[in-house]
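Heads up: the structure comes next, in structure tokens.
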Amino acid sequence: MEINIGGRLWAVGSGCEQVMGIVNVTPDSFFEGSRRQSDAEIAEATERAVGDGAGMIDLGGYSSRPGAEDISEEEELRRLENGFRRVREVAGEAFPVSVDTFRAGVVERLYERFGAFVVNDISAGELDSAMIRTVGRLELPYIAMHMRGTPQTMISLTDYPVETGGVSGEVVRYFVRKTAEIREAGIKDWILDPGFGFAKTPAQNFELLGRLDELAVFGVPILAGLSRKSLIWRTLGTSPEEALNGTSVLNWEALRRGATILRVHDVREAVETVRLFRAYRAQQKRGL
């Protein structure tokens, strides 16, 4: 598959799995090691991610951790404009960038200033009804994620009845609806993110991971955002700072289940996971 970002094609798919490196220009993201605020910190994080093999930088200016402080659109935009500028200075104009925002106004103003990028929306248009239409009008690629509520309320919205298919059934039904909305808006290229850690308990996250391959029915790239999430460190009784090994383990399983994009804090380790997975899969095919 190829994602068209303002005329530049970004290849992604089986055999061409990609790693998305997180650069958070926030003071309060859940993993302290991902917080970058000064120009020097943003530049250093970008340079390291690109050098370690990231295929895209994911720039975030609004913390979506459970219970995170809500900030104004103007403050989010201020952070993202500065971050985008630094990423472009380090990585170059052609390097793919995604922007983690649920606000259509932020998308509009960043597009006016920097041109095309990928919109990474944790709410798939649920938190701003203008978002999907805006993305379609600007002809931008779109990452649609499953979430309930908001970052401030999602921790209490984890009831997925077994009789309706549990969390996996809910996610499939959600994306059936979203596919129709996305197509109606004229969005040509989109990526599906099942939303690990968003309005889901650790057990529900594991269930969703185990059935990730069921989402292949939508025929679009699947993004797995498992990096240092609570399903890892709560299960192990550790912390986000100690969750790198667990991240690599679950990223392997996500790749095995059909994920083609890994969104991570630690690019080098994820790139190595992808390389090993490709080598393993090639050997398995030769052995058939």
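The values are calculated or read from the model by the stated rules, or taken from the named source; none is laboratory data. These figures come from a predicted structure and were not determined experimentally. Cβ sites come from the backbone with ideal geometry, for glycine too, and all protein chains shown count toward neighbours. Side chains are part of the model used for accessible areas, which takes the heavy atoms of the whole protein and leaves out ligands, DNA and RNA. Shrake-Rupley method; radii C 1.70, N 1.55, O 1.52, S 1.80 Å.
Here is how the numbers come out for the structure above:
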read-out: Where a residue in segment 142-158 is closer than 28 Å to GLU184 by Cα and among the small types (Gly, Ala, Ser) and its partner, wherever it lies, is open to solvent by 10 Å² or more (accessible area, probe 1.4 Å) and in a loop (DSSP other than H, G, I, E, B), with Cβ under 8 Å and at least six apart; value: ALA144/GLY125; GLY149/LEU157
read-out: Residue list for segment 251-273, restricted to those being under 21 Å from GLU214 (Cα atoms) and surrounded by 15 or more Cβ atoms within 10 Å (Cβ to Cβ); value: ASN251, TRP252, GLU253, ALA254, LEU255, ARG257, GLY258, ALA259, THR260, ILE261, LEU262, ARG263
read-out: Selection from segment 251-288 of residues that are of a type in the set (Ser, Thr, Tyr) and either part of a helix (DSSP H, G or I) or on the phi > 0 side of the Ramachandran plot (or both); value: THR273, TYR280
read-out: Of all residues in segment 167-176 being touching a Leu at 6+ places or on another chain (Cβ under 9 Å) and hydrophobic (A, V, I, L, M, F, W, C), the one that is surrounded by the fewest Cβ atoms within 10 Å (Cβ to Cβ); value: VAL172
read-out: Leading residue by the ranking (least open to solvent (accessible area, probe 1.4 Å)) among those in segment 122-150 that are among the charged types (D, E, K, R) and farther than 18 Å from GLY6 by Cα; value: ASP128
read-out: Long-range neighbours under 7 Å by Cβ, at least six apart or interchain, first residue under 16 Å from ALA224 (Cα atoms) within segment 234-249, second outside any loop (DSSP other than H, G, I, E, B) and of a type in the set (Asp, Glu); value: LEU244/GLU269; SER248/GLU269
read-out: LEU231 being buried (at least 17 other Cβ atoms within 10 Å of the Cβ), modelled with pLDDT under 95, among the hydrophobic types (A, V, I, L, M, F, W, C) and not in a loop (DSSP other than H, G, I, E, B); value: yes
read-out: Any hit, segment 199-206, residues being over 19 Å from the mean Cα position of the chain (by Cα), within 19 Å of MET154 (Cα to Cα) and open to solvent by 10 Å² or more (accessible area, probe 1.4 Å); value: yes
read-out: Test result for SER248, part of a helix (DSSP H, G or I) and open to solvent by less than 50 Å² (accessible area, probe 1.4 Å); value: yes
read-out: Lone qualifier among GLU181, GLU207, GLU163 - being in a helix (DSSP H, G or I) and closer than 17 Å to ILE132 by Cα; value: GLU181
read-out: Criterion: of a type in the set (S, T, N, Q) and buried (at least 21 other Cβ atoms within 10 Å of the Cβ) - qualifying residue of THR153, THR179, THR164, THR101; value: THR101
read-out: Subset of segment 1-47 (residues that are of a type outside the set (A, V, I, L, M), modelled with pLDDT of 95 or more and closer than 18 Å to ARG228 by Cβ); value: GLY21
